[in-house]
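Asker: Quick one: structure below, then a few questions.
Throughout, read-outs are computed from the coordinates displayed, never taken from laboratory work. Every value quoted in this text rests on a predicted model; they were computed, and no experiment measured them. Every residue, glycine among them, receives a Cβ derived from its backbone with ideal geometry; neighbour counts consider all protein chains shown.
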Amino acid sequence: MSKIEIVEPVLFAGVVADEIISTIEEAISERGSCSISLAGGSTPGAIYRMLAKPPRVENVDWSKVKLFWGDERWVSPDDVQSNFKMVHETLLSQLGSRQPQIFAVNTSLDTPLQAAKQYAEVIQKELPTEPRFDLMLLGIGEDGHTASLFPGAQVLRDKNPALCVATEHPEEKKPRISLSPRAILSSRRILFLVKGEAKADMVQRIIEGNEPVETLPACIYREAQDHVYFFLDSAAALKLKRQS
Ligand code: 6PG
């Protein structure tokens, strides 16, 4: 059964940041390193900023942390849409000499397909054994997408998908690079980070409904229930019958 943490909005970033820090400390003490796949979008920025500030920032040997991206937009790393740029601004640029190992999607290649293939090779090389990631951070879109796995995406039907795929945003029609469900589920812990009343209906459908993954890609969590945690603020959890 997946676990649900409902947090007051003002406390959300700190509670999630503490959860991430304790997961990092546990991974490093047990396995000598911690591999994290970072969520993009607007929700995690405040959380990443908290990680980069005392006292939390001092509790981690960042040189033993490996950072990956759960998805990326097909833009240059200095584009305002870039998830790399968002992580650089909120976390990496604040860490000073405490630098983690960074494995970003290479969006300077000729095509999104080449970038997805190369990123899959990077993940296979850096994290060769399952489960690959110690911590998978994910957001949820108002259409039920997660990472850049959008409703109807072909990869949701693939029986033997690659670790990373090229997808397309359904409205913007812009290319995206995304970890596949196979890569996402190859994680010791999966945290969904969801804030705001605009997500409340979707959160209720994903956690309490039974719609298929093709309709609501975030429902891939059902295959990993025992190590999935939903961190919701009280607004996003508004429609839930189940409150823990
Ligand atoms: C992205 C994300 C995406 C995001 C959700 C939620 O690149 O946009 O990876 O999956 O997590 O769309 O986005 P918000 O946090 O902005 O609501």
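Asker: Tell me, in nm to one decimal, what length is gained between Lys53 and Asp79 on full extension, where the rule is 0.36 nm per residue of separation less the Cα-Cα distance?
Answerer: 6.9 nm
Asker: A further question on this structure: Any idea what % of Cα-Cα pairs in segment 1-124 are farther than 23 Å?
Answerer: The answer is 35 percent, as a whole percent.
Asker: Okay, next question. I'd like to know how segment 50-122 sits against the 2.2 N^0.38 Å rule of thumb: what's its Cα Rg over that expected value?
Answerer: In units of the 2.2 N^0.38 Å rule of thumb, it is 1.21.
Asker: Further question: Which trypsin sites (Lys or Arg not before Pro) in segment 75-145 sit in a loop by DSSP (not H, G, I, E or B) and have at most 12 other Cβ atoms within 10 Å of their own Cβ?
Answerer: Sparse-neighbourhood loop trypsin sites (Lys or Arg not before Pro): none present.
Asker: So, one more: Place a point 7 Å from the Cα of Gln101 along the Cα-to-Cβ direction; which residues of segment 65-82 have their backbone N under 18 Å from it?
Answerer: Those under the cut-off are 65-70.
Asker: In whole Å, what are the Cα extents of segment 78-188 along the three principal axes, biggest one first?
Answerer: Largest first, segment 78-188 extends 43, 34, 30 Å along its Cα principal axes.
Asker: If the only charges are +1 at each Lys and Arg Cβ and -1 at each Asp and Glu Cβ, what is the size of the charge dipole of the chain around the Cα centre, to the nearest 20 debye?
Answerer: About 220 debye.
Asker: Also: Taking the number of other C-beta atoms within 10 Å as the exposure measure, put Arg73, Arg157, Arg188, Arg222 in order starting with the fewest.
Answerer: Arg157, Arg222, Arg188, Arg73
Asker: If you average the C-alpha positions of segment 73-123 and of segment 38-56 separately, how far apart do those two centres end up, in angstrom?
Answerer: 16
Asker: So, one more: Note down the net charge around Ser180, summing +1 for each Lys or Arg and -1 for each Asp or Glu among other residues with Cβ under 11 Å from its Cβ.
Answerer: -1
Asker: Filter the DSSP H helices in the chain by two things, a Kyte-Doolittle mean of at least 0.0 and an axial alpha-carbon span of 27 angstrom or more, and list the hits by number.
Answerer: 9-31
Asker: Can you give the FRET efficiency for Gln94 and Lys159, using 1/(1 + (r/R0)^6), R0 = 51 Å, r = Cβ-Cβ distance, to the nearest 0.05?
Answerer: Computed FRET efficiency for Gln94 and Lys159: 0.75.
Asker: Of all DSSP beta bridges located in the chain, what percent are antiparallel, nearest 5?
Answerer: Counting DSSP beta bridges with both partners in the chain, the antiparallel share is about 25 percent.
Asker: Along each of the three principal axes of the Cα atoms of segment 132-244, give the extent in whole Å, ordering the values from largest to smallest.
Answerer: 35, 32, 21
Asker: Between Leu11 and Thr129, what is the FRET efficiency for a Förster distance of 45 Å, r being their Cβ-Cβ separation, to the nearest 0.05?
Answerer: 0.80
Asker: Note the per residue figure in Å³ for the convex hull of the C-alpha positions in the chain.
Answerer: Residue-normalised Cα hull volume stands at 119 Å³.
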